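The values are calculated or read from the model by the stated rules, or taken from the named source; none is laboratory data. Because the structure is a prediction, the values reported are computed rather than measured. For neighbour counting, all protein chains shown are included, and Cβ atoms are generated from backbone atoms with ideal geometry for every residue, glycine included.
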Amino acid sequence: MAVVGPDRCHIVSFKSFLGNNFEITDLDKLKHMLGVLVTRDCLKHLIYLNQTAYIQRTIACFGLENSTLVSIPFIVKHDLTLSQLPTTEAEKCAYKDYSSNLHYLSLVGSLLFVIQTRPDIQFAVGLVTQFSNNPGIAHLEAAKHILCYLKSTTNYNLVLEKREEGKFNLVRWSNSN
């Protein structure tokens, strides 16, 4: 369990309460949580969330270690539509041959897990997810393209910054449409 609070005093108090009522092990500062690497810059009040290890395992799992690096998560030419769904037996066999037993749902599920620290792929992943029931070759290509993008940007972090109450500052944004 990860414990967070407004200040150290609240956190210590809560941990003490838990320790008095349950058997717990305090692992000190959070370093990993659900496959996410958590690092801090205490001087700047920043928290970095990173999934490099998970992304690298996913790339290996789907056999894309030697794939070409790409600079954007989605290519407009993919223009995914329902007309690209395999409808005939021949189209379904062509997809099966092309996919080489690569499971589309597993790939999409892996991409969905990465979204938590990589909002830059959210639009593209949302799009390929729509075709999970009956993907075609174009849909698989688009999903693999997203993974190739992640391969070229594995060092990206989601950065959380402490703000003064009531202040909002848009630091970065992404329009992937």
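Assorted remarks:
- Any hit, segment 16-23, residues being loosely packed, with under 13 Cβ neighbours inside 10 Å and assigned by TED's automatic domain parsing to the domain that holds Lys162: no
Residue by residue, here is whether (1) under 19 Å from Leu158 (Cβ atoms); (2) hydroxyl-bearing (Ser, Thr, Tyr); (3) touching a residue at least 24 places away in the same chain (Cβ under 8 Å) holds:
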site	(1), (2), (3)
Leu46	yes, no, yes
Leu49	yes, no, yes
Tyr54	yes, yes, yes
Thr58	yes, yes, yes
Gly63	no, no, yes
Asn66	no, no, no
Pro73	yes, no, yes
Leu80	no, no, yes
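- All of Thr129, Thr88, Thr117 fail the test of being on the phi < 0 side of the Ramachandran plot and in contact with a strand residue (DSSP E or B) (Cβ under 6 Å, 6 or more places away or on another chain), apart from Thr117.
- Exclusive hit being closer than 23 Å to Leu112 by Cβ, assigned to a helix (DSSP H, G or I) and either of a type in the set (D, E, K, R) or in the same structural domain as Leu158 (by TED's automatic domain parsing) (or both), set Ile47, Ile55, Ile72: Ile55
- Matching option when the condition is surrounded by fewer than 19 Cβ atoms within 10 Å (Cβ to Cβ) and either within 14 Å of the chain's Cα centre (by Cα) or of a type in the set (Lys, Arg) (or both), among Gln122, Gln130: Gln122
- Matching option when the condition is within 25 Å of Arg163 (Cβ to Cβ) and part of a loop (DSSP other than H, G, I, E, B), among Val3, Val38: Val3
- Flag for Asp28 being modelled with pLDDT under 85 and more than 17 Å from Ser132 (Cα to Cα): yes
- Note on segment 48-96: among residues that are in contact with a His (Cβ under 8 Å, 6 or more places away or on another chain) and within 29 Å of Leu34 (Cβ to Cβ), the one that is surrounded by the fewest Cβ atoms within 10 Å (Cβ to Cβ) is Val70.
- Every condition in (1) at pLDDT below 90; (2) under 30 Å from Asp41 (Cα atoms); (3) in contact with a helix residue (DSSP H, G or I) (Cβ under 9 Å, 6 or more places away or on another chain) is met by Leu102 except one, and the failing one is (2).
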